[in-house]
There are 4 protein chains.
Amino acid sequence: MRKIDINCDMGESFGVYTLGMDGEVIQYISSANIACGYHAGDPQVMNKTVRMARENGVRVGAHPGFPDLAGFGRRNMDCTPDEVRDFVIYQIGALKGFCTLHGVEMQHVKPHGNLYNMSVGNESLSRAIAEAIAAVDRNLIWVVLGGAQSSLVRKIASEKGIRVAFEAFPDRTYESDGTLTSRKKPGAVIEDPLKSTEQALRMALDNEITAADGTRLTMEIHTLCLHGDNPSAVHHTRSIRQALEAEGVSITPLADQV
Amino acid sequence: MRKIDINCDMGESFGVYTLGMDGEVIQYISSANIACGYHAGDPQVMNKTVRMARENGVRVGAHPGFPDLAGFGRRNMDCTPDEVRDFVIYQIGALKGFCTLHGVEMQHVKPHGNLYNMSVGNESLSRAIAEAIAAVDRNLIWVVLGGAQSSLVRKIASEKGIRVAFEAFPDRTYESDGTLTSRKKPGAVIEDPLKSTEQALRMALDNEITAADGTRLTMEIHTLCLHGDNPSAVHHTRSIRQALEAEGVSITPLADQV
Amino acid sequence: MRKIDINCDMGESFGVYTLGMDGEVIQYISSANIACGYHAGDPQVMNKTVRMARENGVRVGAHPGFPDLAGFGRRNMDCTPDEVRDFVIYQIGALKGFCTLHGVEMQHVKPHGNLYNMSVGNESLSRAIAEAIAAVDRNLIWVVLGGAQSSLVRKIASEKGIRVAFEAFPDRTYESDGTLTSRKKPGAVIEDPLKSTEQALRMALDNEITAADGTRLTMEIHTLCLHGDNPSAVHHTRSIRQALEAEGVSITPLADQV
Amino acid sequence: MRKIDINCDMGESFGVYTLGMDGEVIQYISSANIACGYHAGDPQVMNKTVRMARENGVRVGAHPGFPDLAGFGRRNMDCTPDEVRDFVIYQIGALKGFCTLHGVEMQHVKPHGNLYNMSVGNESLSRAIAEAIAAVDRNLIWVVLGGAQSSLVRKIASEKGIRVAFEAFPDRTYESDGTLTSRKKPGAVIEDPLKSTEQALRMALDNEITAADGTRLTMEIHTLCLHGDNPSAVHHTRSIRQALEAEGVSITPLADQV
């Protein structure tokens, strides 16, 4: 039976500011990437979000980002690998505090925004992130973009003694080399729910992606990144989950796959 | 044989800003209270400071404070007990990441500045702090001001299932009720090294403090708070340690006492 | 003809976080209190909000708060009067930059949240705020809670050579001494729109407030504080404005009153 | 008579953290670049530093940086030109508040660290900075790196209607195209005080720089950037000033030159 994980970024509210429909989308996912107070989130939000994940049987992961709340971690910051390693250790550790509070075992670590983007294919940043994960807990699964960089990432994960899980994006188009089409190009985001649902099915059932230029790519995929930003996103996440289940795919957390 | 711990605040540098002579004072103490990025400290400083403590055989504790870098955690902030609990969980967790990195077991938690001050004798804040410590790791020792509040603190620690260690200040004068003389009053800080050394000896050898009005107080004391802010403070910390050892006191970390 | 100003807090979004329906409520007010990046707001939001106020013919004021984004400036912070003065100078100055950009003359300064609350009746904090306003621009009007503290505030404003405007809250109940009923007491906020509209009319037409215990208070009132947090608040602000205009009250910015 | 300005970064302390020997170096410079609370500085420090500049007859400039206190503004941040413009408006405005407090007219704006570096030769960032300066006060002088980018910068300054002043670095080596040698290359910083003094003299007397490869460059230079970070830097700044005066150069603020 084909298995796939569905992950979603959560816990990105801050103080009086609310972001995302966490309470809705949590029903349709298997893994939650929880912000750790750098690009978003605060201790109260982290506490509440870990509790909510536990109550919904959703696995918890750290979602560390750049220390840039004003930019939501979506601006490139030219940090050294040592800085990145320490930022990631700090944030995983902080979230672990709340996992322990709620008796939850942390499952994974998925970097956020431009920390994720900058590290794709970048050996020194990828190694810094893997080193941070391994340092805090070797049972944590490192979630990375699947495809083009998989051999690099596998090598680093193997060096550090951690597991890796590959992620794909149903609502994004891909280049023929397996990288995501830049958001600066038209068509980078798939707006049509039918098309992204179809892409999700191909990803989950066949490990297959058709690039923007028609090239057929095959890549290992363990988890699909979906969204809960607004009612339409939540609705779409639910639809994709239902379509996957209708095709016999088992929605399965990462820890039960890798 | 009489035992006493010597603790000192450390890791309070931030970015390009250096504070404290950590590399000097570490030689004379047995427990380091390491800032966790809220009132001071950053991930690079935390990493370096935990490593330095390990290399010097000094035990590591978390030193959580209010989220107020600009005020160095020395301004009262009217946070709810729930907020305080989550701030403390967050900061202990973050420092634990670096302890794991360096294979160091965290020993204790000592709140910083006005989080420490506001919690003295305050049942709801004290309970919030104790709850945070217990939630993350029941082996952590809660360091609190000895004397006046000891029965309250003992009750809370017992409820939460954690150990408590009582702290005294060789360079501060005390009121007859066992509280510290307010810094707003003249003479609150003992400037004369001979007098503070004498007070340290009385604290360590006899669990005794002579209050400003001459009252003799007896209280349980496990640790003395000393300083490494400047060359004179470091020199004084060394002198007190030497005086204690000359009197046969064993400088012993908290974990070997309580 | 009776004149009254309607003020509303605005520009409290931050980065990706949106707060308040500024674009809606701006149509119904005469003075906007714009956050300055301490308790809320960021440079992009400030720029956009000043422009929007100009386009809608609404006068602009600075809305300085404590440096506590995580607490939205709603926690007491024990800052010295000198710190408060400098925080306020900094924030007024920063907003003035955007006023100059858009060719807008800043009209007033209204402290936010607990900076406002802590300063009510507090001579040293009130003097610090007034000194900051006077230092940057003596044409700025200082907006303060009317009633109980009016003679203190008048004395300070006179010393510093600035004008003062008194504010009242249609949706809050008052004590017999003219202070606001604490939010910790039941009934502090008037939920019934008819009642708060009626109170707004009494405030604007008669300078009169009936306290919770029935006492009739008379106080000078130049501006009513209304809200734009959500659709219901915006609707209510519009209703109050319409009710005032139906009674012949002219909605008039502070600068044309004091 | 040859005139040159000497500028130095100041007011970079923050809260309890002290950086730079401002009180010493202020005696030897003619223009102070004062941090504005983003990469360094806080309202209390800004207040104090503007007052100190006035008391020493030193002209005041804003020294805006990226919003990155932890990185001291020395990390590239991928901000949009619109964000940069608003960051600069905000910071100039904030410092202007303290200038008004002390009756000081702000003279210039010099971006800090990597905001300065990233903008060199970058048309859109340079235009964003110039636009910010022009928006707040057309009398402000824009301080930029002299040499390679001078025609670009002149064009933009002319468009925006502001004056520009060219800066040179006595303690840095230059490439043959007039840019600074990257700090990543050996020899980028001139450690020998005699050599940097000699370079300062050539810059001030002849508008001439000899690049690392021996090429002689001629460029317009209005101000030399010197340092006050430590006793040796202060001593060196004094020596250079004395050497310049001994050669008949008049140390003259920018506003009296351009």
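Of note:
- Residue B:157 under 16 Å from residue B:62 (Cα atoms) and either small (Gly, Ala, Ser) or over 18 Å from the mean Cα position of the chain (by Cα) (or both): no
- Residue D:5, sole failed condition from (1) in contact with a Ser or Thr (Cβ under 8 Å, 6 or more places away or on another chain); (2) in a loop (DSSP other than H, G, I, E, B); (3) away from chain C (no Cβ under 12 Å): (2)
- Leading residue by the ranking (nearest to the other protein chains (Cβ to nearest Cβ)) among those in region A:10-31 that are without any contact (Cβ under 8 Å) to a residue 60 or more places away in the chain, open to solvent by 40 Å² or more (accessible area, probe 1.4 Å) and part of a loop (DSSP other than H, G, I, E, B): A:16
- When residue A:38 is tested against (1) within 12 Å of another protein chain (Cβ to nearest Cβ); (2) more than 18 Å from residue C:70 (Cβ to Cβ); (3) assigned to a loop (DSSP other than H, G, I, E, B), only condition (2) is not met.
- Elements of the type strands (runs of 3 or more DSSP E) sitting completely within region C:169-258 and holding at least 2 residues that are out of contact with any Pro (no Cβ under 9 Å at 6 or more places or on another chain): these cover C:208-210, C:216-218.
- Filtered residue count, region C:71-100, keeping only those that are charged (D, E, K, R) and in contact with a Lys or Arg (Cβ under 6 Å, 6 or more places away or on another chain): 1
- Which numbered condition residue A:88 misses (of (1) within 14 Å of chain B (Cβ to nearest Cβ); (2) touching a strand residue (DSSP E or B) at 6+ places or on another chain (Cβ under 8 Å); (3) surrounded by fewer than 21 Cβ atoms within 10 Å (Cβ to Cβ)): (3)
- Considering residues of region D:68-85 that are more than 16 Å from residue D:123 (Cβ to Cβ) and basic (Lys, Arg) only, the residue nearest to the other protein chains (Cβ to nearest Cβ): D:75
- Residue in region C:42-55 that is touching a Cys at 6+ places or on another chain (Cβ under 9 Å), open to solvent by less than 40 Å² (accessible area, probe 1.4 Å), within 14 Å of chain D (Cβ to nearest Cβ) and at pLDDT 95 or above present: yes
- Inspection of region B:106-113 finds a residue satisfying the criterion of being more than 21 Å from residue A:41 (Cβ to Cβ) and within 14 Å of chain A (Cβ to nearest Cβ).
- Within region A:211-221, if we keep just the residues that are open to solvent by less than 20 Å² (accessible area, probe 1.4 Å) and touching a helix residue (DSSP H, G or I) at 6+ places or on another chain (Cβ under 8 Å), the residue that is nearest to residue A:164 (Cα to Cα) turns out to be A:221.
Residues are listed down the side, and each one gets a yes or a no for (1) open to solvent by less than 40 Å² (accessible area, probe 1.4 Å); (2) farther than 29 Å from residue A:163 by Cβ:
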{"position": "A:187", "(1), (2)": "no, yes"}
{"position": "A:209", "(1), (2)": "yes, no"}
{"position": "A:246", "(1), (2)": "no, yes"}
{"position": "A:250", "(1), (2)": "yes, no"}
{"position": "A:257", "(1), (2)": "no, no"}
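- Checking A:97, A:73, A:93, A:146 one by one, the residue that is crowded, with 24+ Cβ neighbours inside 10 Å and without any contact (Cβ under 8 Å) to a residue 24 or more places away in the chain is A:97 and no other.
- Residues satisfying the stated conditions in region B:162-188, i.e. in contact with a Ser or Thr (Cβ under 9 Å, 6 or more places away or on another chain) and among the polar types (S, T, N, Q): B:173, B:176, B:181
- Odd one out for residue A:158, checked against (1) within 14 Å of chain B (Cβ to nearest Cβ); (2) free of Cβ contacts under 8 Å to residues at least 24 places away in the same chain; (3) closer than 21 Å to residue A:221 by Cβ; (4) among the small types (Gly, Ala, Ser): (1)
- The one condition from (1) under 18 Å from the mean Cα position of the chain (by Cα); (2) surrounded by fewer than 20 Cβ atoms within 10 Å (Cβ to Cβ) that residue D:124 does not meet is (1).
- Of the set (1) over 19 Å from residue A:115 (Cα atoms); (2) surrounded by fewer than 22 Cβ atoms within 10 Å (Cβ to Cβ), all apply to residue A:59 but (2).
- With respect to the conditions (1) in contact (Cβ under 8 Å) with a residue 24 or more places away in the chain; (2) farther than 24 Å from residue A:126 by Cβ, residue A:225 lacks only one, and its number is (2).
- Just one of the listed residues (A:141, A:156) is open to solvent by less than 30 Å² (accessible area, probe 1.4 Å), in contact with a Ser or Thr (Cβ under 8 Å, 6 or more places away or on another chain) and among the β-branched types (Val, Ile, Thr), namely A:156.
- Among residues of region A:233-258 that are free of Cβ contacts under 8 Å to residues at least 24 places away in the same chain, those with a beta-carbon under 8 Å from a residue that is of a type outside the set (D, E, K, R) at least six positions away or on a different chain give the pairs A:245/A:251.
The values are calculated or read from the model by the stated rules, or taken from the named source; none is laboratory data. Note that the structure is predicted; figures quoted are calculated from it, not measured. Neighbour counts are summed over all protein chains in view; Cβ atoms, including those assigned to glycine, are modelled from backbone coordinates with ideal geometry. SASA here: full protein model, heavy atoms, side chains in, ligands and nucleic acids out. Shrake-Rupley method; radii C 1.70, N 1.55, O 1.52, S 1.80 Å.
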